[in-house]
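Accompanying notes for the structure given below.
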Amino acid sequence: MTGSVLLAGAALTGCQTVVGLPDQAELPDENFDYATAYAELPDGDFTWPAVNYQNFDESYLRQVVEYRTREMPGTIIVDPYNNYLYWTLGNKKALRYGIGVGRAGFAWNGEALIRVKREHPIWRPPREMIARKPSLERYWEKGFPPGLRNPLGARAMDLWQGSTDTLYRIHGTNQPSSIGKSVSSGCIRMWQQDVIDLFNRVPLRTKVVVLGKDPNAEA
């Protein structure tokens, strides 16, 4: 059923738990075609540019990895300190994406749910950003229109705690070189091709856990 998490237990040893929305793409495997995955992507009225993925550390490419967690399959875990987003699959596996993190990406941590999923989102700059750059005031009322220059990119997923919008977003980026880096602004940014891929896998009310400290740091 669209909008609900599908959990099909693996009946045979080694079989992967199936999570997420129906009709999603196959998970990446050892024969995954990255050239096609990160090629120029037509998307409604827009065409997102290809990603020069060969210029990046391969750990930031979309891939299934070993990942141990107590969270249920289908949970998103954001590690802003190491620039990874994990979508848990069960059986100690996760689909990992590279991310870029702005100051806002470290400003909030905890648990939330995806309450809103937006295709071709309108971007409205927060008041704090307008204070730093008054020229953005013109986008406060109607927002920055969708398109190739929009800071939220191709998709946005808004995180809420109950009836409160955390103002924390998982979204695309028009600055592909920012993946794997800490940048000046924004929350959690992904390559357009990757945020569309994740968007097409996760339903509304997906649980998101944003880590509050570097999991690799010494206690």
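Given the criteria closer than 21 Å to Val101 by Cα, modelled with pLDDT of 90 or more and not in a strand (DSSP E or B), does Pro121 qualify? It is true that Pro121 is closer than 21 Å to Val101 by Cα, modelled with pLDDT of 90 or more and not in a strand (DSSP E or B).
Each row is one residue, and each column tells you yes or no for (1) within 18 Å of Thr173 (Cα to Cα); (2) modelled with pLDDT of 95 or more; (3) of a type in the set (A, V, I, L, M, F, W, C); (4) not in a loop (DSSP other than H, G, I, E, B).
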{"site": "Pro42", "(1), (2), (3), (4)": "yes, yes, no, yes"}
{"site": "Ala50", "(1), (2), (3), (4)": "yes, yes, yes, no"}
{"site": "Val64", "(1), (2), (3), (4)": "no, yes, yes, yes"}
{"site": "Glu71", "(1), (2), (3), (4)": "no, yes, no, no"}
{"site": "Val78", "(1), (2), (3), (4)": "yes, yes, yes, yes"}
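In the set (1) open to solvent by less than 50 Å² (accessible area, probe 1.4 Å); (2) closer than 20 Å to Ser182 by Cα; (3) in contact (Cβ under 8 Å) with a residue 40 or more places away in the chain, Trp87 fails one condition alone, (2).
Residues in the range 89-105 that are in a strand (DSSP E or B), under 16 Å from Leu198 (Cα atoms) and under 13 Å from the mean Cα position of the chain (by Cα): 5 in all.
Do we find a residue being modelled with pLDDT of 95 or more, out of contact with any Ser or Thr (no Cβ under 9 Å at 6 or more places or on another chain) and not in a loop (DSSP other than H, G, I, E, B) anywhere in the range 139-154? No - not one qualifying residue is present in the range 139-154. Filtering Ser182, Ser177 for residues that are at pLDDT below 90 and polar (S, T, N, Q) leaves a single hit, Ser182. No other residue among Arg169, Arg201, Arg189, Arg155 is among the basic types (Lys, Arg), open to solvent by less than 60 Å² (accessible area, probe 1.4 Å) and in contact with a Pro (Cβ under 8 Å, 6 or more places away or on another chain) apart from Arg155. Is it fair to say Asp194 is part of a strand (DSSP E or B), modelled with pLDDT of 80 or more and closer than 26 Å to Asn82 by Cα? No, not satisfied.
One residue stands out in the range 15-38 among those that are assigned to a loop (DSSP other than H, G, I, E, B) and touching a helix residue (DSSP H, G or I) at 6+ places or on another chain (Cβ under 8 Å): the one that is surrounded by the fewest Cβ atoms within 10 Å (Cβ to Cβ), namely Ala25. Checking each residue in the range 173-219 for being more than 23 Å from Glu119 (Cα to Cα) and free of Cβ contacts under 8 Å to residues at least 24 places away in the same chain picks out Glu218, Ala219.
If you go through the range 52-62 and keep only what is surrounded by 13 or more Cβ atoms within 10 Å (Cβ to Cβ) and in a loop (DSSP other than H, G, I, E, B), you end up with Phe56, Leu61, Arg62. Look at Asn174 and say whether it is in a loop (DSSP other than H, G, I, E, B), farther than 20 Å from Asp79 by Cα, open to solvent by 10 Å² or more (accessible area, probe 1.4 Å) and not β-branched (Val, Ile, Thr). For Asn174, the condition - in a loop (DSSP other than H, G, I, E, B), farther than 20 Å from Asp79 by Cα, open to solvent by 10 Å² or more (accessible area, probe 1.4 Å) and not β-branched (Val, Ile, Thr) - is met.
The values are calculated or read from the model by the stated rules, or taken from the named source; none is laboratory data. Source: prediction; values computed, not measured. Please note: Cβ atoms are built from the backbone with ideal geometry, for glycine as well, and neighbour counts cover all protein chains shown. Protein only, heavy atoms only, side chains kept; ligands, DNA and RNA dropped before computing areas. Shrake-Rupley method; radii C 1.70, N 1.55, O 1.52, S 1.80 Å.
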